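Have a look at the structure that comes next, please.
The values are calculated or read from the model by the stated rules, or taken from the named source; none is laboratory data. Please read these numbers as outputs of a predicted model, since none were measured by experiment. With ideal geometry, Cβ positions are generated from the backbone for all residues, glycine too; neighbour counts draw on all protein chains shown. Accessible surface is based on the protein model in full, side chains and every heavy atom, while ligands, DNA and RNA are left aside. Shrake-Rupley method; radii C 1.70, N 1.55, O 1.52, S 1.80 Å.
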Amino acid sequence: MSVIIGMDPHKRSATIEVVDERAPVLAVGRYSTDKTGYAQMLAAGRKYAHRVWAVEGCNGIGKHIAHRLLHDGETVLDVPAKLSAHVRVFATGNGRKTDPVDAHSVAMVTLRIPNLVQVQLDPDLQVMGMLVDRRIELGRARTQVVNRLHRLLLELFPGGAKQFLSARQARAMIATIKPRDLVGKTRRRLAVELIGELASIDKKTKTAEKDLKELVAARGSTLMDLHGIGPSGAARLLADVGGIRRFADRDRFTSWNSTAPLDASCGEQKRHRLSRAGNRRINRTLHIMAVVQLRNHTEGRAYFDAKKAAGKTPHGSHARPETATVQPGLRPHGRRPETTSGGRPGRALRDDSAIQRDRPDPGHRPFGQATSRTRHQPA
C-alpha cells in the first residue's frame, strides 16, 4: 500500500501527516529540523515501504528539507502553497490555519491532483542560481558603497564627483586633496576605506560574471547570443525555468513569467492590463532585454515599430515576443508533466509560494512601470 506524507515545513520544525489512497490519516507528527529531529522524521516515514513525500513550497521555505530528503534517496513532490490554501479554505473547521491542518491540506492536494512536479536536483542549475543571487547582492552592495562615497566626496570637493564613479577615478580624486583639520582627515580616511571596498566589490563582480559565462557556455545555451541578455540574465533564465519542456506551449510559459496580458474588458470596451503574478525575476530579465532591444536597431525594435505603425500600442506587452525568442535558448531537459484527462498540465517547478515570495515590493514594479494597462479600441 502506497502512502502520502504531507509536510508543512518551517525553518526549525516540520509537521507531517501520513495518509493512504483512501484518505484516512495513519499518523501525525511534529519534528524539529535539526539532525536528531530530521532522523526521527525520516525513520517515521520509512516505516511505510511505498511512500511519497509531499512538501509545500519546495522552492521556498521547504527547499532545505526537500533537498535533504532527495539526498537520502526519497521521492519528493512539490505542492504549491496556493493549492493547499484552497483545500484549507473549502475544508471544514472554519479554515483555521495550523501546522497539522496545513500538513493535511498538502496531503489532500497530492492525493487528489495528479501530475504534481517531482523535485529533481540539477547541480549546474543550483550553482547558477547561487551565483546569480551573489551577483545581485554584489550589485546592491556596490550601489550602497558608491552612495556613501559620493556623500563624502561632496563634502571634500565642491560639486562632488560624477554620477558613474569607478574606484580608479575616485582614488585619483582623493589623491589630490590633503586636509589638515581633524574633520577633513577623518572624512578622507573614510573615503579611502570606501574606495577599497568598491575596488574589492568590482573584483568579485568580475569573477562572478566570468564564472556565470563559463557555466552558461558549458550548458550549451544560446541565450547570450540574444541582444540584451548577458551572463547574469542567461543564468537566471536557466536556473529558474529549469526544463522548458515542462510547459505545454509558449502560452503557458508567457503566463508563468507574467508577460501575457490579462483581459480586463468591460462591455464594448476592450482593454488588457499587465499581470502582476508569475515569476517576477524572469519578468524583470525579459523586461531588461526588451528595453535594450528597443534602444537599439534590433528585431525587437522592428517589431515594436511595426505594431506602432499598424495603429496598435504595444506598451507593457512588448516583452511578450521576447519570450518566444528566449525559448529556443533554453535547452530542454527532464520530463514534461503529462496532461491529465481534463487537459490540465502538471504544476511548474517553481510553485506559487515561491512566486509570491519573489514578488518585489508593490512600489517597485520594473515591468510595465510606464503604464498599467494596454487599451484597444473596438473594431
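Kindly establish whether A161 is in contact (Cβ under 8 Å) with a residue 12 or more places away in the chain and exposed (fewer than 14 other Cβ atoms within 10 Å of the Cβ).
no
Among the residues of region 22-81, what is the count of those that are closer than 22 Å to L111 by Cα and of a type in the set (S, T, N, Q)?
So the answer is 2.
Take the residues in region 227-250 that are at pLDDT below 90 and in a loop (DSSP other than H, G, I, E, B); name whichever of them is nearest to the chain's Cα centre (by Cα).
Step by step, filter region 227-250, then rank; the result is G242.
Just checking, which of V132, V127, V109 is open to solvent by less than 40 Å² (accessible area, probe 1.4 Å) and within 30 Å of A218 (Cβ to Cβ)?
One residue alone meets the criteria, V132.
I've got another one for you. Can you name every one of the helices (runs of 4 or more DSSP H) wholly within region 1-110 that holds 2 or more residues which are modelled with pLDDT under 90?
Of the helices (runs of 4 or more DSSP H) lying wholly inside region 1-110, those with at least 2 residues that are modelled with pLDDT under 90 span 81-90.
Somewhere in region 185-194, is a residue over 24 Å from Q120 (Cβ atoms), in contact (Cβ under 8 Å) with a residue 60 or more places away in the chain and among the acidic types (D, E)?
no
OK, next. Looking only at residues in region 272-289 that are more than 13 Å from R236 (Cα to Cα) and of a type in the set (K, R), which one is most open to solvent (accessible area, probe 1.4 Å)?
R273
Another one. Which residues, counting only those in region 11-68, are in contact (Cβ under 8 Å) with a residue 40 or more places away in the chain, among the hydrophobic types (A, V, I, L, M, F, W, C) and open to solvent by 80 Å² or more (accessible area, probe 1.4 Å)?
Residue satisfying the conditions is V28 alone.
Can I ask one more? Select from region 164-183 the residues that are open to solvent by 100 Å² or more (accessible area, probe 1.4 Å) and farther than 26 Å from K206 by Cα and write down the one among them that is farthest from the chain's Cα centre (by Cα).
R180
Conditions first: (1) buried (at least 19 other Cβ atoms within 10 Å of the Cβ); (2) within 29 Å of L116 (Cβ to Cβ); (3) without any contact (Cβ under 8 Å) to a residue 24 or more places away in the chain. V241 passes all but one, so which condition is the exception?
(3)
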